[in-house]
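Heads up, the thing below is written out as structure tokens.
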Amino acid sequence: MEDYSKIFQSHIIRFYHEWGYSRQQFAEIIGISYGRTYSLLSEGGDIGLTLNTMQAISDSLGLPLPLLLKPLESEEWQSVLALWKWNPPYHSYIPDGYTLVRNVVLPEHKAVIVNEWGKMTAKELKKLKKQKNSLDLKEESDTPNE
């Protein structure tokens, strides 16, 4: 019988290493305390996660729990990796100087402000992406053909 908690843990450890966050940042992303995150990222020990905690972590990652309970070699993971071409979903769209905040509880008036900031930031990021794409196109057109 497979040890699903170890499989789950191996995926979380892999995400942590591949995405390049600090332990504190990763704890914020997955929505559990720093201490629990430290234990989870320490290979070999009994992580003692409940099904509810695993579900909460998978929800915070935007991945279905059944997928996180399958080995990386499984057909399901191979399909996901082929789609991602292993471009991590969080790390790939957050530029330097920005951070992702999840699972934050705020008073309504502050939530309105934060939502407005989010809309403004989304516009800024879209503008930066357009500028980068136009620079990339310009560089391609400036490159002499051989």
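A few comments on the model shown:
- Scanning the range 13-71 for residues that are farther than 24 Å from VAL105 by Cβ and of a type in the set (S, T, N, Q), we see that the one that is surrounded by the most Cβ atoms within 10 Å (Cβ to Cβ) is SER39.
- For the range 101-118, the candidate set comprises residues that are modelled with pLDDT under 80 and within 21 Å of the chain's Cα centre (by Cα); within that set, the residue that is farthest from GLN24 (Cα to Cα) is ASN115.
- The residues of the range 22-58 that are of a type outside the set (D, E, K, R) and in contact (Cβ under 8 Å) with a residue 60 or more places away in the chain, listed by number, are GLN25, ILE29, GLY31.
- Pick from the range 24-38, criterion of a type outside the set (Val, Ile, Thr) and more than 13 Å from the chain's Cα centre (by Cα), ranking: farthest from GLN55 (Cα to Cα): GLN24
- Hey, SER60 at pLDDT 85 or above, within 24 Å of SER74 (Cα to Cα), in a helix (DSSP H, G or I) and in contact with a Gly (Cβ under 7 Å, 6 or more places away or on another chain) or not: yes
The values are calculated or read from the model by the stated rules, or taken from the named source; none is laboratory data. Quick caveat, the model's predicted, so the values are computed rather than measured. Because the Cβ atoms are built from the backbone with ideal geometry, glycine has one as well, and the counts that use them run over all protein chains shown.
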